[in-house]
Amino acid sequence: MITIPHKAKQFLVFIVKLSIVVGSFYFIYNQLASNTQLNWTKFLILFNKNQSVLGILFILSFSFLNRFIEILKWQNLAQVVRYISIGEATKQVLAALTLGVFTPVGVGEYAGKALYFDKNETKKVIFLNLICNGVQIFATGIFGIIGMLILGYWKWSMGIIGFIILFIIVASISKNITIKGYSINDLMQKINEIPKSIHQKNLILGLCRYLVFSHQYYFLFVAFDVEISYPILMATIITVYFLASVIPSFQFFDFALKGSLAVYFFGLLHINQWVVIFVTTLMWVLNVVLPVLVGSYYIMIFNADSKKVV
């Protein structure tokens, strides 16, 4: 068996960390520089017209709350394995987000959080992260269907509801069927092993995070002088977010997918295309790019041997 000298191992780990960080910066630059639909001149004109320190802080506060609520969610669920402080939860969430941006549907995020725990806890950590993300999928689905109903997409809504009901029926019938040794009964048992108080807190925080994120979207449109009634604009926002979420994509390209759907649906409300593109891009920058930049720092100082950052 070939053994790698300690110094060489440290160097290889450093190269991997550096590659992740450099890759993050490259994707950020590439997505902003190569997007020909972004008219920075128009943006600067409107920004200079409506700029307000309080307004900027107000919008930024939503980004902080969005990520902070996610940190509280993870701290709440991680206690099933062991208690972690808010500071530790922050490191884990942001580092995992950075790892997840390069992978389809953010699967790297699951591995990222598991790195902070012992190997024998990996499966449990991945499962808890699934529960953590699952509540956001639940909130996105419920609000998304409501949004589609408000906008009058009854056939789509009924079709989705019918599919969900069919899925539940099939899952109930086949709950004892095992795939690679696991069944739906096993999954439900693992879910029930988690205290109800933790599930309840996870659900409340998940709903709060969804409301924060969607309303940041709304207030950005208001900042760009979009004058459309609250119910219609919010219904369109949650519909776009729902449809974009059900299509698997890479985190860093997620904003492009949402942008394409947003251009179509907000175009039906006669909102200028460039405004839609800028709002979607700003949502991506504020809620993915900024946390990834901080997460890159935690990636660089991560110590695999001690299972903590130093």
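Miscellaneous remarks
- Any hit, the stretch 231-247, residues being surrounded by fewer than 16 Cβ atoms within 10 Å (Cβ to Cβ) and either part of a helix (DSSP H, G or I) or modelled with pLDDT of 95 or more (or both): yes
- Filter result for Tyr83 (without any contact (Cβ under 8 Å) to a residue 60 or more places away in the chain, outside any loop (DSSP other than H, G, I, E, B) and either open to solvent by 10 Å² or more (accessible area, probe 1.4 Å) or in contact with a helix residue (DSSP H, G or I) (Cβ under 9 Å, 6 or more places away or on another chain) (or both)): no
- Hey, Lys124 open to solvent by 10 Å² or more (accessible area, probe 1.4 Å), touching a strand residue (DSSP E or B) at 6+ places or on another chain (Cβ under 9 Å), modelled with pLDDT of 90 or more and among the basic types (Lys, Arg) or not: no
- For beta carbons closer than 7 Å, sequence separation of 6+ or different chains, a first residue in the stretch 192-214 that is part of a helix (DSSP H, G or I) and a second that is of a type in the set (Asp, Glu) and at pLDDT 95 or above, the qualifying pairs are Arg209/Glu70.
- Candidates Lys190, Lys155: the one that is under 25 Å from Lys73 (Cα atoms), basic (Lys, Arg) and open to solvent by 90 Å² or more (accessible area, probe 1.4 Å) is Lys190.
- Test result for Leu99, farther than 20 Å from Val212 by Cβ, open to solvent by less than 70 Å² (accessible area, probe 1.4 Å), hydrophobic (A, V, I, L, M, F, W, C) and more than 19 Å from the chain's Cα centre (by Cα): no
- When every residue of the stretch 62-74 is checked against the conditions, none turns out to be out of contact with any strand residue (DSSP E or B) (no Cβ under 7 Å at 6 or more places or on another chain), without any contact (Cβ under 8 Å) to a residue 60 or more places away in the chain and polar (S, T, N, Q).
- Candidates Ala114, Ala78 - the one that is modelled with pLDDT under 95 and surrounded by 14 or more Cβ atoms within 10 Å (Cβ to Cβ): Ala114
- Being farther than 25 Å from Asn129 by Cα and among the aliphatic types (A, V, I, L, M) is a property that Val226 has.
- In this structure, Ile301 does not satisfy being at pLDDT 85 or above, more than 22 Å from the chain's Cα centre (by Cα) and either open to solvent by less than 40 Å² (accessible area, probe 1.4 Å) or not small (Gly, Ala, Ser) (or both).
- Leading residue by the ranking (nearest to Ile137 (Cα to Cα)) among those in the stretch 86-125 that are part of a helix (DSSP H, G or I) and hydroxyl-bearing (Ser, Thr, Tyr): Tyr110
- Filter pass, Phe138 being modelled with pLDDT under 95 and of a type outside the set (Gly, Ala, Ser): yes
The values are calculated or read from the model by the stated rules, or taken from the named source; none is laboratory data. All figures in this text were calculated on a predicted structure; none of them were measured in a lab. Because the Cβ atoms are built from the backbone with ideal geometry, glycine has one as well, and the counts that use them run over all protein chains shown. Heads up: the accessible areas ignore ligands, DNA and RNA and are worked out on the full protein's heavy atoms, side chains in. Shrake-Rupley method; radii C 1.70, N 1.55, O 1.52, S 1.80 Å.
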